[in-house]
Amino acid sequence: MINLVLRNILRMIFLVIFQVAVLNNVQLGGYINPYLYVLFILLLPFDTPKWLLLLSAFFLGLSVDLFTDTIGINTAACVFMAFCRPGVLSLIATKQEYEQGISPTVRDMGFKWFFSYSLILVFAHHIPLFFLEVFSFREFFHTLLRIGLSIVVTMFLLLISQFITYRPKK
């Protein structure tokens with residue numbers, strides 16, 4: 001239990017530092033912004049209590065907001081994503097499919113499951129993030145284009161990270 005908590009804390013710290021130091025400086029033409037830090041919420045164990053899920057997402061978003069000088073935009077997007085996560089999990093599969101000791105990874109759940117799970121939640125993260133950033137519907141289609149392109153790049157990074165850390169089952 002302590003090992004799991006420590007691993008998730010270290011994962012959160014690493015993802016926030018990587019997001020702030022590297023990925024926030026990658027903006028291709030102002031359209032593509034990769035957000036790998038959402039991997040923390042995606043990889044939390046299935047049996048994480050909802051209150052802890054929301055609290056963890058709040059602190060994750062707040063950490064990114066503090067380092068990037070945004071005013072709660074990442075916090076709002078992360079909390080919304082965490083709020084949607086239990087519904088997405090129940091939509092994708094039943095409780096019986098989640099055995100004790102497995103996590104929502106490509107290794108444990110398979111590529112197709114992880115892809116659809118992460119795509120829905122990344123979409124749920126990016127919509128409020130980008131629309132709160134613009135805070136206007138005047139550039140609606142421009143914002144939709146930014147959301148779409150950023151989702152593609154974020155999903156690519158999420159899948160690459162899953163295959164880099166992939167260890168075959170014993």
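The values are calculated or read from the model by the stated rules, or taken from the named source; none is laboratory data. Keep in mind the model is a prediction, meaning the values are calculated, not measured. Methodologically, a virtual Cβ is constructed for each residue, glycine included, from the backbone with ideal geometry; neighbour enumeration extends over all protein chains shown.
Would you confirm whether or not segment 132-141 contains a residue that is modelled with pLDDT under 95, out of contact with any helix residue (DSSP H, G or I) (no Cβ under 8 Å at 6 or more places or on another chain) and polar (S, T, N, Q)?
Checked against the condition, which is being modelled with pLDDT under 95, out of contact with any helix residue (DSSP H, G or I) (no Cβ under 8 Å at 6 or more places or on another chain) and polar (S, T, N, Q), segment 132-141 yields at least one hit.
Looking at 158, 60, 132, which one is assigned to a helix (DSSP H, G or I) and surrounded by fewer than 19 Cβ atoms within 10 Å (Cβ to Cβ)?
Exactly one residue qualifies, and that residue is 132.
Report yes if residue 122 is over 19 Å from residue 15 (Cβ atoms), not in a loop (DSSP other than H, G, I, E, B) and not acidic (Asp, Glu), otherwise no.
No; evaluated as a whole, the condition is false for this residue.
It is to be established whether one or more residues within segment 72-80 are surrounded by 15 or more Cβ atoms within 10 Å (Cβ to Cβ) and modelled with pLDDT under 95.
So far as segment 72-80 goes, no, none of its residues is surrounded by 15 or more Cβ atoms within 10 Å (Cβ to Cβ) and modelled with pLDDT under 95.
Can you name every residue in segment 63-80 that is in contact with a Gly (Cβ under 9 Å, 6 or more places away or on another chain) and part of a helix (DSSP H, G or I)? Steps first, answer last, please.
Of the residues in segment 63-80, the ones in contact with a Gly (Cβ under 9 Å, 6 or more places away or on another chain) are 65, 72-79.
Scanning segment 63-80 gives 65, 73, 74, 75, 76, 77, 78, 79.
Scanning for something modelled with pLDDT of 85 or more, within 22 Å of residue 123 (Cβ to Cβ) and not in a helix (DSSP H, G or I), does segment 10-23 turn up at least one residue?
no
Which residue pairs have Cβ atoms under 7 Å apart, sit 6 or more places apart or on different chains, and have a first residue in segment 101-121 that is touching a residue at least 12 places away in the same chain (Cβ under 8 Å) and a second that is acidic (Asp, Glu)?
Between residues of segment 101-121 that are touching a residue at least 12 places away in the same chain (Cβ under 8 Å) and residues that are acidic (Asp, Glu), the close pairs are 102/108.
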